[in-house]
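In what follows, a single structure is set out as structure tokens and then discussed.
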């Protein structure tokens with residue numbers, strides 16, 4: 001396992017994607033809307049964390065007001081994310 005840091009600029013919408021393993025994320029700063037297939041959308045902000053099951057979800061984040069920073073724990077030598085068709 002390894003940690004990966006990601007920053008999303010304000011107003012950016014990340015295309016839908018999935019992970020090979022469990023997505024464990026922690027918001028270091030800013031805020032974003034989290035959309036997980038089969039769940040209601042929710043706002044996540046600095047200090048919030050979430051987990052999503054592997055290969056069973058698609059998510060989209062749109063940073064608001066300022067950039068948001070995230071850390072993910074992923075399996076070593078696996079891609080961080082794989083895009084999913086809309």
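What order do you get for 51, 16 when you list them from fewest to most C-beta neighbours inside 10 Å?
51, 16
Classify the chain as rounded, prolate or oblate, taking a ≥ b ≥ c as the square roots of the eigenvalues of its Cα gyration tensor: rounded when a/c is under 1.5, otherwise prolate if a/b is larger than b/c and oblate if not.
Judged from the Cα gyration tensor, the chain comes out oblate (a/c at least 1.5, b/c at or above a/b).
Would you order 34, 80 from fewest to most other beta-carbon atoms within 10 Å of each residue's own beta-carbon?
80, 34
Work out how much length residue 51 to residue 12 would gain on full extension: take 0.36 nm times their residue separation and subtract the Cα-Cα distance, in nm to one decimal.
Details: separation 39, 0.36 × 39 = 14.04 nm, distance 2.15 nm.
That works out to 11.9 nm of additional length.
Each reported figure results from applying straightforward, stated rules to the coordinates on display, with no laboratory input. Treat the numbers as computed from the prediction; the structure is a model and nothing was measured. Every residue, glycine as well, gets a Cβ built from its backbone with ideal geometry; the counts of neighbours run over all protein chains shown.
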